[in-house]
Amino acid sequence: MKFVCVECDEAMKLTATRPPDAAGSLTVLFSCMTCGRGVAMLTNPWETELVSSLGVKIGPKEAGGAAAEAARAGQAGAAAGEEPAQQAAGCPFSGMVRQMEAAAEEPTGPQWTAEALARLDGIPEFVRPMAKQGVEHYAASNGCPVIDEKVLDEARSRFGM
């Protein structure tokens, strides 16, 4: 994520953060190094909790530290025309982005047929995630790479339903 000064068309620099206030909102301040204009990003309490739970540190990099070096490398990459993925070290949200990308690449378990998914949709929504997890565990434990109606029937019998 990058904030750009509308007046100068320059990337703004992360200058400060303010800890969550009583309402749980985090403030992140950016400024344009060319014209001095500033902008603040204010998170809502749920966004603050999400970022905190992921262990993402938001704030200016310490001068001379490894984090500052990584940020400088990311800025140099931008100047050299590298792709955004190569610049990620300079972004305060880069850790969260890398975690999301890694999670998207991980296998999600057995494949479901369209018919099996249709049957799963017939289960009440409040218990559906638990039922899906149970069926996937049953399929994995029994060497079934694909969950079809037969596997659903076997799991249902096993669970006594």
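The values are calculated or read from the model by the stated rules, or taken from the named source; none is laboratory data. The structure presented is a predicted model; accordingly, all values stated were derived computationally and were not measured. So basically every Cβ, Gly included, is an ideal-geometry build from the backbone, and we count neighbours across all protein chains shown.
Key figures
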{"item": "The stretch 7-37 - residue that is hydroxyl-bearing (Ser, Thr, Tyr) and outside any strand (DSSP E or B) and, of those, modelled with the lowest pLDDT", "result": "Ser25"}
{"item": "The stretch 96-144, residues that are modelled with pLDDT of 75 or more, assigned to a helix (DSSP H, G or I) and not aliphatic (A, V, I, L, M)", "result": "Glu115, Arg119, Asp121, Arg128, Pro129, Lys132, Gln133, Gly134, Glu136, His137, Tyr138, Ser141"}
{"item": "Looking only at the stretch 11-50, and only at residues there that are in contact with a helix residue (DSSP H, G or I) (Cβ under 8 Å, 6 or more places away or on another chain) and among the hydroxyl-bearing types (Ser, Thr, Tyr), the one that is surrounded by the most Cβ atoms within 10 Å (Cβ to Cβ)", "result": "Thr43"}
{"item": "Close pairs (6 angstrom Cβ cut-off, 6 or more residues apart or separate chains): touching a residue at least 60 places away in the same chain (Cβ under 8 Å) in the stretch 1-25, among the small types (Gly, Ala, Ser) and surrounded by 14 or more Cβ atoms within 10 Å (Cβ to Cβ) anywhere", "result": "Lys2/Ala11"}
